[in-house]
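Below is one structure; the comments refer to it alone.
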Amino acid sequence: MTDELTLIGKPLPKVDALGKVTGETKYADDLAMPRMLHAKILGCHYPHARIKHIGTARAQALPGVVAIITGADLPVKYGNLPVSQDETGLAGDKGRFVGDPIAAVAAVDEETAERAIDLIDVEYEELPAFMSVEDVLTKEGEPIQDYGDQGNVHKMVALEFGDTESGFAAADYVREDTFFYQGNTHLPMEEHAVVAHYTADGKLTLWSSTQCPHYVHRALSKALAIAPSRVRIIATPVGGGFGGKSDPLPHEVAAAKLSMITGRPVKIALTREEVFYAHRGRHPVLMWAKTGVRKDGSITAMHFKTFLDGGAYGSYGVASTYYTGALQPVTYKVPTYKFEGMRAFTNKPACGPKRGHGTPQPRFGMEIQLDKIAEAIGISPVDIRRKFVVDENSYTVNHLRITSCALGECIDKVAAASGFNDKHRKLPFGKGVGLACSSYLSGAGLPIYWNNMPHTSVQIKIDRGGGVAVLCGSTDIGQGSNSVLAYTVAEVLGVSLDAIQLTVSDTDLTPIDLGSYSSRVTFMMGNAAIEAASKLKKLIMEAAAEKLQLPVEALAAKNNSIYCIDDERRSLTFAQAAQLAEAKHGGLGAMGSYTPPKLAGPFRGSGVGPSPAYSYSACVAQVDVDPETGEIKVEKIWIAHDCGRAINPLLVIGQTEGSVYMGLGEALMEEQDFRRNQHKIPSLLDYKSLTMMDMPEVETILVEPIDPEGPFGAKEAGQGPLLPVPPAVANAVYDAVGVRIDELPITADKVLKALALKAEGKEPRVGPKGVPSFVFPEPVRVEPHPQAPKLRGA
Amino acid sequence: MKQLIKLRVNGEDYEAYVPVHKTLLEVLREDLNLTGTKHGCELGECGACTVLVDGEPTLSCLTLPIEIQGREILTVEGLAHNGTPHPLQTAFAELSAAQCGYCTPGMLISAKALLDHDPHPARDDIRQALSGNLCRCTGYSKIIEAVELAAERR
């Protein structure tokens with residue numbers, strides 16, 4: 001099938017590009033309906049407070065106000081993970097962070113709704129606030145949630161694979177370090193918006209900027225006690241997600257409830273400030289890492305402890321916690337490995353999945369620590385990585401299956417392109433280069449809620465004019481999933497892209513796809529699309545073969561034509577062949593599905609980490625650090641990404657450059673920070689992100705091993721390339737001025753502080769001093785996978 | 001207080017009876033149904049709502065319609081000519097300079113203002129001219145390349 005591809009691998013424009021450049025594309029807030037009401041949400045005024053009473057009389061009396069709801073109207077808890085059913089849409093008993101939604105008003109226009117919000121009288125009883133992991137471990141007070149592992153500790157994890165004690169004993173050099181990765185947010189340019197319409201027939205329809213319509217469907221059905229068949233979720237084109245629109249969110253529930261009460265369409269469009277409160281972004285993670293190596297740099301043992309500051313709700317946090325320990329062994333050979341992690345509830349907006357979900361934080365620590373180790377034992381940062389890259393078709397110590405892996409080639413190419421070996425420790429003071437690598441999932445191998453059904457399905461129908469209708473629940477958030485769907489089906493059927501008509505992300509019409517998260521869509525939807533298209537192709541080719549009086553094997557399908565390979569004059573148009581097939585078989589339709597192979601290891605917690613394939617990235621950053629001001633200028637980024645086959649190299653490069661951009665933001669400036677129990681900077685001006693002036697040149701190198709299970713050999717591209725960027729920058733800063741900044745973001749003041757320490761003859765480092773003396777449970781001890789790297793001599 | 005406002009948008013005359021404090025962004029989107037112009041902050045911080053007023057890039061979220069009655073306003077809907085996309089639109093589509101597409105209308109408008117003043121801008125001039133437009137998807141490079149491609153073709 002992969003011979004002479006017509007569309008796959010070509011730098012084609014996206015199928016929905018013209019709508020986006022003309023303003024035709026309708027995002028959620030572009031929708032308007034007759035009789036539509038506008039709703040606003042009242043956020044809690046305290047970080048942690050019992051809600052004693054909500055008085056709505058003054059607001060209700062305002063002309064133009066149509067309905068007001070509070071937590072009392074939404075008593076049923078829901079949540080994305082079955083183990084974290086802790087949200088209700090509007091908080092009933094108490095508010096858990098400043099901005100936590102507690103009431104909503106629907107009015108004839110937005111301004112009236114906003115004025116009404118100010119007329120709601122809330123009587124609070126303030127409770128002690130927990131603003132950090134340290135608070136959680138030291139402060140007394142009522143826990144934020146009524147569930148969790150202990151007090152405000154939401155989740156504790158402890159796993160040991162093999163005997164790390166023997167591993168460390170076998171090492172020639174052992175190092176312990178602490179790191180801190182500051183929390184940050186997705187900051188999609190589109191503020192979340194939703195229109196809900198509950199019609200007279202008892203059907204609720206939602207148009208929402210969500211990455212996961214299926215999960216919104218499940219949550220709304222539960223929260224509002226409506227049969228799933230009476231709820232329809234349509235994901236509108238999403239104006240940026242990055243993980244921030246993966247949870248069913250309070251405004252979706254509130255709009256739906258208000259529409260049910262009023263029988264009118266209700267819109268809620270979040271303000272930028274409210275988007276910061278919706279959050280579900282990068283967890284701030286404090287971590288401790290211990291790694292032992294032999295003289296040659298091979299790892300004998302690794303031990304990570306992570307402390308996640310989770311915010312007020314569960315969100316995907318249990319998975320996030322596991323992810324801070326799951327992927328460390330996927331890049332280099334690790335024969336023994338121990339991971340302890342905990343997530344604390346704090347009185348801040350809930351953290352959740354952001355691009356890389358829980359894995360950029362430990363990757364930051366791990367890749368800086370390797371850099372320190374390499375220096376200490378006198379080998380190059382390239383060698384300590386390159387010589388110990390995991391083998392293809394192997395397993396990790398924590399039972400993750402590796403299929404294709406071209407990390408070695410990625411390191412070689414990025415080192416060569418950047419001239420790394422000629423620059424490292426050789427550039428003048430102030431200039432430096434740093435290397436880091438990473439790996440990421442091509443889709444989570446297990447579903448969020450336990451079931452044996454496919455993770456995605458694609459349906460195709462072919463009409464008599466040769467038009468191909470393709471339906472899938474997948475959601476285009478700008479990454480290009482619509483295009484991948486169209487290219488894949490068109491390639492298999494041999495039709496042109498203009499024959500394809502897509503219907504996506506509509507729970508009434510489209511077969512289920514779990515959503516745009518965990519870099520799963522290309523891999524999973526792509527495989528389902530190939531299966532569906534192949535079923536129909538078989539029928540069409542058989543009908544054509546019969547008509548042309550040729551064996552099926554003598555035919556090919558390309559350019560809207562079915563023709564004899566040896567004599568192209570003997571041919572039918574695709575439409576003719578489709579008509580013959582319809583006459584023979586009846587209406588032409590087919591479904592294809594994808595279910596990942598069973599990949600979970602034999603231990604509790606093995607559900608997080610497995611993926612049908614892993615992508616790999618290697619990154620070199622070159623920086624110029626001004627020792628007078630501490631300012632860091634990133635001069636250039638080289639990044640090599642093993643994405644399997646690039647379905648569309650233009651889109652893969654776009655994803656890679658976007659990941660580099662976001663990684664640089666996290667490395668240098670982005671922070672979701674709090675002061676006096678409040679979000680310090682809930683605006684686009686004060687939450688710093690890179691502008692076009694700040695963005696350095698990026699040289700992207702695609703490395704394309706054909707993955708054995710990916711569609712046309714493809715793996716992921718949307719998240720993995722973010723991961724190596726922050727540690728590459730940190731390592732480059734060290735190379736430039738000899739100071740270690742072991743926490744993000746790496747800002748000028750931290751560089752200056754470290755330079756001052758250096759001048760005083762002290763350790764030239766800024767970073768956390770240590771981690772709390774938290775007692776983790778006894779680890780679950782797991783035998784390493786038999787095909788995992790072995791501890792030599794053990 | 002409501003007032004009758006006369007606006008000239010994309011070469012057409014519109015009238016709207018709106019509260020005087022309603023912003024140009026709101027009037028365009030809600031009263032004239034020109035939803036191509038986007039909002040990312042309503043505070044003049046992101047550039048998503050950029051339109052041209054007499055050829056000058058202007059943040060519609062900080063502009064009151066009453067101030068610009070009778071002046072020529074251009075939005076993304078007015079970029080194409082008789083259904084033929086503007087070279088910037090074609091270049092943005094071809095190079096995938098629009099990922100989620102939400103910042104794209106504002107980017108296109110800022111880029112048009114630049115090319116109208118300087119048909120062949122240097123890369124640094126492009127960076128300068130578009131630095132007020134934030135994008136979270138692309139890392140900006142494809143946008144810069146698309147502006148250069150459009151400049152080449154004009």
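The values are calculated or read from the model by the stated rules, or taken from the named source; none is laboratory data. Note that this is a predicted model, so its numbers are computed, not measured. Every residue, glycine as well, gets a Cβ built from its backbone with ideal geometry; the counts of neighbours run over all protein chains shown. When the accessible area is computed, the model is the full protein with side chains, heavy atoms only, and any ligands, DNA or RNA have been set aside. Shrake-Rupley method; radii C 1.70, N 1.55, O 1.52, S 1.80 Å.
List of remarks:
- Separation between Cα centres of the stretch A:733-794 and the stretch A:129-173, rounded to whole Å: 18
- 10 Å Cβ neighbours from other chains, averaged over peptide A:693-699: 4
- DSSP bridge analysis restricted to the protein assembly as shown gives an antiparallel fraction near 75%, rounded to the nearest 5.
- Centroid-to-centroid separation of the stretch A:237-282 and the stretch B:88-121 [C-alpha atoms, Å]: 29
- Remark: spin-label model distance A:Lys680-A:Asp146 equals 3.5 nm, labels positioned 7 Å along the Cα→Cβ axis.
- Peptides A:336-347, A:454-465, A:771-782 ranked from most to least packed, by the mean per-residue count of other Cβ atoms within 10 Å: A:336-347, A:454-465, A:771-782.
- Rounded if a/c under 1.5, otherwise prolate or oblate - chain A, Cα gyration tensor axes: oblate
- Centre-to-centre, using Cα atoms only, the stretch A:7-24 and the stretch A:630-706 are separated by 23 Å.
- Estimated translational diffusion coefficient (Stokes-Einstein, Kirkwood radius over Cα pairs, 37 °C, 0.692 mPa s) of the stretch B:87-153: 288 µm² per second.
- Taking the Cα atoms of the stretch B:2-78, the ratio Rg/Rh between the radius of gyration and the Kirkwood radius comes to 0.91.
- Longest to shortest principal axis, alpha-carbon extents of the stretch A:453-594, angstrom: 47, 27, 24
- Rolling a 1.4 Å probe over the protein heavy atoms of the protein assembly as shown, with every protein chain left in place, gives an accessible area that is 50 percent carbon and sulfur.
- Taking all protein chains together, A:Trp288, A:Trp207, A:Trp638 sort by accessible area into A:Trp207, A:Trp288, A:Trp638, largest first [probe 1.4 Å].
- Among beta bridges identified by DSSP and lying wholly in the stretch A:453-594, the antiparallel ones come to about 80 percent.
- Distance between the pseudo-spin-label points of B:His81 and B:Asp118 (7 Å out from Cα toward the beta carbon): 2.4 nm.
- Loop sites in the stretch A:138-212: GluC sites (Glu not before Pro), DSSP, at most 16 other Cβ within 10 Å: A:Glu140
- Note on B:36-48: average number of Cβ atoms from other chains within 10 Å of each residue's Cβ is 6.
- CD proxy at 222 nm, helix term only [per DSSP H run n ≥ 4: -39500 (n - 2.57); per residue of the protein assembly as shown; nearest 500]: -8000 deg cm²/dmol
- Counts of other chain beta carbons within 10 angstrom of each beta carbon in peptide A:183-191 average 5.
- Listed by chain and number, the lysines whose alpha-carbon sits under 30 Å from that of A:Lys584, ignoring those within fewer than 8 places in the same chain, are A:Lys461, A:Lys535, A:Lys537, A:Lys538, A:Lys547, A:Lys558.
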